[in-house]
1. Quickly run through segment B:347-385 and pick out the residues that are among the hydrophobic types (A, V, I, L, M, F, W, C), surrounded by 15 or more Cβ atoms within 10 Å (Cβ to Cβ) and in contact with an Asp or Glu (Cβ under 8 Å, 6 or more places away or on another chain).
2. Just one of (1) touching a residue at least 40 places away in the same chain (Cβ under 8 Å); (2) under 30 Å from residue B:282 (Cβ atoms); (3) within 14 Å of chain B (Cβ to nearest Cβ); (4) part of a helix (DSSP H, G or I) trips up residue A:187, so point out which.
3. When segment A:208-218 is examined, which residues are found to be part of a loop (DSSP other than H, G, I, E, B) and surrounded by 23 or more Cβ atoms within 10 Å (Cβ to Cβ)?
4. Would you confirm, using the coordinates I've provided, whether residue B:340 is modelled with pLDDT of 95 or more, of a type in the set (S, T, N, Q) and part of a loop (DSSP other than H, G, I, E, B)?
5. Select, from B:30, B:23, B:63, the only residue that is closer than 30 Å to residue A:116 by Cβ, at pLDDT 90 or above and buried (at least 21 other Cβ atoms within 10 Å of the Cβ).
6. Filtering segment A:40-60 down to residues that are part of a loop (DSSP other than H, G, I, E, B) and either surrounded by fewer than 14 Cβ atoms within 10 Å (Cβ to Cβ) or in contact with an Asp or Glu (Cβ under 6 Å, 6 or more places away or on another chain) (or both), which residue is modelled with the highest pLDDT?
7. Out of the residues in segment A:165-183 that are of a type outside the set (A, V, I, L, M, F, W, C) and away from chain B (no Cβ under 13 Å), state the one that is nearest to the chain's Cα centre (by Cα).
8. Go through segment A:49-64 and give me each residue that's out of contact with any Pro (no Cβ under 9 Å at 6 or more places or on another chain) and more than 7 Å from chain B (Cβ to nearest Cβ).
2 protein chains.
Amino acid sequence: MTFGAGVLTTVSCKQPLGKSESGAHMRAYGERSPFEGPVRVIRELTASPGTGSSRTPHAEMYGTITPSALHFERHHSGVPSIDPAAHQLLIHGLVDKPLVFTMTEIKRFPSFSRTYFLECGGNSIGEQSGNTQPDVQRSHGLLSCTEWTGVSLKEVLRGVGVKAEAKWMIAEGADAGRMARSIPMEKVLDDALLVYGQNGEALRPEQGYPLRLLLPGWEGNANVKWVHRLQFADAPAFSAKETAYYTDLGKDGKAQIFTFVMEGRSVITRPSGLQKIVPGFQEITGLAWTGKGRITRVEVSTDGGASWGDAVLQNPVLPLAVARFRFPWTWDGKEAVIQSRCTDETGFLQPTHDELIDARGSNSGYHYNAIKPWRVSADGSVTHV
Amino acid sequence: MTFGAGVLTTVSCKQPLGKSESGAHMRAYGERSPFEGPVRVIRELTASPGTGSSRTPHAEMYGTITPSALHFERHHSGVPSIDPAAHQLLIHGLVDKPLVFTMTEIKRFPSFSRTYFLECGGNSIGEQSGNTQPDVQRSHGLLSCTEWTGVSLKEVLRGVGVKAEAKWMIAEGADAGRMARSIPMEKVLDDALLVYGQNGEALRPEQGYPLRLLLPGWEGNANVKWVHRLQFADAPAFSAKETAYYTDLGKDGKAQIFTFVMEGRSVITRPSGLQKIVPGFQEITGLAWTGKGRITRVEVSTDGGASWGDAVLQNPVLPLAVARFRFPWTWDGKEAVIQSRCTDETGFLQPTHDELIDARGSNSGYHYNAIKPWRVSADGSVTHV
């Protein structure tokens, strides 16, 4: 591989300048460099403080782990302040023995740690409707990936004895709005977790401190934060967030409800909207993920989709986690359209925007997962296509 | 698996109390819950501000990723504040073409992300000398594990043309003391990285912002922070930190110098010193790591080393990264001594303290990696043995 002119600068061999006074003291809890600016864009409703979202700034990020401080957020009633010593989880409804667990009791169960992506069902909703966004944070930022630690929900339920007629679990959060979602028993007994740890330390308040329901591969909203109640029932709750929101209105006018799984998608994060590149070698990099298992392939096109080449996937590629892909490119300084597409282990190939609209119609923008092209202009500026 | 009495509490089925006012606003950069206290112990020399260490609080942590804010630190001249726009890396000495790179130029090379542990060569130095510590942060906290992103040093050196007679690379940091270490060419051309990213975002100032030398599996001190100069030479620099410190004085009175590799070791992080447990089910968990590749096995003993059982390793087990192990245990309320030992892919089995002293003598405490027993007293309190 060669690098374009301009990368290297020959100078005389003198020692670089540098400060010689002793540096700063140590801190009990580290912080970012003051040279790194604030990076998450916040959208909060004026009429309802605490209702809105903040997004992961993927254009500025590396690797696969999202630091907890930059994990996306989507809140419906603000962020509650919960004392873990007072927090309790009630499990009731169609069970043999309703129980309440303290955090100490929850933490005594065997623990598991897994790296999982989390994506809001409404990520990129504007991409479908034509309300396009200038950069990848705004268009794809409701996606993050962290190492979660907690306990198997199935294991916790052993002592409760869920009755055979229970088909749904209604999970409710302790936020002011008591945000609730109905989860099919199959998922509850498969890989659902109750998590209290994220990236090595306690969950952040914005991620559900002290306890969150974690449903690997499923839309973010169903992963109920600040979870304090699990009710087993023979029917769903039909809560606001599963009827008025997070349903998919098809092209025939019928709404699909309980569409939880986030399907395969990918996006180039660098170079991406609002960035500017110079001619020569330019690594193209981005993320791919699927709620159906493992990403098996990512292809990149630099000619508007006419031809595709295989990107390199960073190892290890974990199931239900983001995969980082990289693709070497030498930009010749001419206008170009770059894009990525992924394949997952089910054989699913990420569709184009037109293919997606053709299949689903354009009534609903939830679970939007089409290919995302970026235009590189002759001056090097990158914009949304 | 069954859980001891006391885990579950039956109560009447009433909804837990909770606040009903709207929660807090969102923040551009997240923070921990105020219910989570400061967690790193700092030791700083009064006479030399900024000289000392802070340690990762493993007893309170989960999984395998250390958040950057809790990564251990060991500084010799404080933490310099460096503007990345002004930072430069000079490469000179036995090279065809001495060059200076800006951060922008460094970042144009193809990037790599890898999860690696980093351990100070002096971690647990007190365990050997008898200056024992009460908890696992103080005894084993100079160990952390993060996802690093950067560029291959070998790739950067292509344009410089290192001469055949160069046998050592002297890496110097931009801290006030110009901390420097001599690195053999074999490592430089093997897997050495220049890293600028950690856990998804820019390096923290305490970890070498904006650029650090990363030598996978090698003692922390050689991973020069704030790196601003790489000089190629036919002999090592014999700098202070590789002669007066970080050398291993053997039992025959001869010092071994340039002993970089951190050998296999493990430690139980929970339950551990200063913690208190109650009878019944108690998961034993901890970390294992080796600078020689991959951990293949961790065994746990709860009877003072008389018998051992295999712990479960969290998947994936990555080379040169920490492995999280877990071992189910039902504590009967009687005094017990618990400990772990690891095996790595070279077949190395972690030694006992006595075996280690027998082999190495007790003149030097660097690279101490013996088995660490914890005593559980009848009242449940856990102490150093």
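The values are calculated or read from the model by the stated rules, or taken from the named source; none is laboratory data. Bear in mind the structure is a predicted one, so any value in this text is a computation, not a measurement. Positions of Cβ are generated from backbone atoms using ideal geometry, with glycine treated the same way; all protein chains shown enter the neighbour counts.
1. Hits for segment B:347-385 are B:348, B:370, B:376.
2. For residue A:187, the exception is condition (3).
3. Of the residues in segment A:208-218, the ones part of a loop (DSSP other than H, G, I, E, B) are A:208-211, A:215-217.
Those that are part of a loop (DSSP other than H, G, I, E, B) and surrounded by 23 or more Cβ atoms within 10 Å (Cβ to Cβ): A:208, A:209, A:210, A:211, A:215.
4. On the way: modelled with pLDDT of 95 or more: yes; of a type in the set (S, T, N, Q): yes; part of a loop (DSSP other than H, G, I, E, B): no.
Considered against the rule, which asks whether it is modelled with pLDDT of 95 or more, of a type in the set (S, T, N, Q) and part of a loop (DSSP other than H, G, I, E, B), residue B:340 comes out as no.
5. B:63
6. Let us first name the residues in segment A:40-60 that are part of a loop (DSSP other than H, G, I, E, B), namely A:40-41, A:45-51, A:55-57.
If we keep only those that are either surrounded by fewer than 14 Cβ atoms within 10 Å (Cβ to Cβ) or in contact with an Asp or Glu (Cβ under 6 Å, 6 or more places away or on another chain) (or both) as well, we get A:45-47.
Numbers: A:45: 83, A:46: 77, A:47: 77.
Ranking the qualifying residues of segment A:40-60, first place goes to A:45.
7. Restricting attention to segment A:165-183, the residues satisfying the condition of being of a type outside the set (A, V, I, L, M, F, W, C) are A:165, A:167, A:172-173, A:175, A:177-178, A:181-182.
Next, from what is left, pick out any that are away from chain B (no Cβ under 13 Å): A:165, A:167, A:181-182.
Numbers: A:165: 34, A:167: 28, A:181: 19, A:182: 21 Å.
That would be A:181.
8. Matches in segment A:49-64: A:51, A:53, A:55, A:56, A:57, A:58, A:60.
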